[in-house]
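Student: Handing you a structure now.
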Amino acid sequence: MVTSQNTKEVWEKSEDGCYVALTHDYLNVQDTMDRVRDPGAGAIVIFAGTTRDNFDGKPVKELQYSSYQPRALRSMLAIAQALRTKHGLKGIAMIHRLGTVPIGEESILIAVSSPHRQAAWRAGEEALEECKAGVEVWKREEFEGEEGVWRANRDGAVGQREEE
């Protein structure tokens, strides 16, 4: 489903306590937490991945994210559903920002709610790792004074410069 939010496109899917989305808009922590809020939950854990100002000793100017939206949403929803079942979650939300994400702004928000905190902590970490490993989202790091590099969306993965 594609919806318009603040005149920007949002690609989203939701099913059985799982919500996933891709957007070019700023990510809102409170809205994401509210998507997983449940009276049976004793814990809500939220992870906010932000653009840092350096990578491997080089000054980063910004990150640019792109994706194949239909496939990325299916992958995100499959991850969310599996983790909801595995950890007995009340809700899980994963929202990834696309386009340019400046230094200090969020590129991904993951929120999980569960009856107890341990399950929420574990599921949040696992959701991030599985999202980075398997969701069809790619990032380009733009460095100060240097050409950018496309990278797999994983911590520490070295990018390869593509020749035209």
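Student: For a bin width of 5 Å, list the pair-distance distribution of the chain built from all Cα-Cα distances, rounded to whole %.
Tutor: Each 5 Å bin holds this share of Cα pairs: 2, 9, 18, 21, 19, 14, 10, 5, 2, 1, 0.
Student: For SER14 and TRP138 in one chain, what is 0.36 nm times their gap in residues minus the Cα-Cα distance, to one decimal in nm? Mind dumping the intermediate values first?
Tutor: Working: separation 124, 0.36 × 124 = 44.64 nm, distance 2.24 nm.
The SER14-TRP138 span can extend by a further 42.4 nm.
Student: Determine the relative contact order of the chain: mean sequence separation of Cα pairs under 8 Å and six or more apart, normalised by residue count, in whole percent.
Tutor: Once divided by the residue count of the chain, the mean separation gives 27 percent.
Student: If Lys and Arg each add +1 and Asp and Glu each add -1, what is the summed charge of the other residues whose beta carbon sits under 14 Å from the beta carbon of ILE95? Before the final figure, lay out the partial values.
Tutor: Values: positive: LYS8, LYS13, ARG35, ARG97; negative: GLU9, GLU12, ASP25, ASP31, ASP34, GLU105, GLU106.
Computed value for this residue: -3.
Student: How large is the helix-only mean residue ellipticity at 222 nm for the chain, computed as the sum of -39500 (n - 2.57) over DSSP H runs with n ≥ 4, divided by its residue count, in deg cm²/dmol to the nearest 500? Before the final figure, lay out the partial values.
Tutor: Values: 3 runs with 45 residues, N = 164.
Mean residue ellipticity at 222 nm (helix-derived): -9000 deg cm²/dmol.
Student: Another one. Report the gain in length on full extension from TYR26 to GLU129: 0.36 nm times residue separation, minus Cα-Cα distance, nm rounded to one decimal.
Tutor: Working: separation 103, 0.36 × 103 = 37.08 nm, distance 2.19 nm.
The TYR26-GLU129 span can extend by a further 34.9 nm.
Each value in this text was obtained by applying a stated rule to the coordinates, not by laboratory testing. These figures come from a predicted structure and were not determined experimentally. Note: ideal-geometry Cβ built from the backbone for every residue, glycine included; neighbour counts use all protein chains shown.
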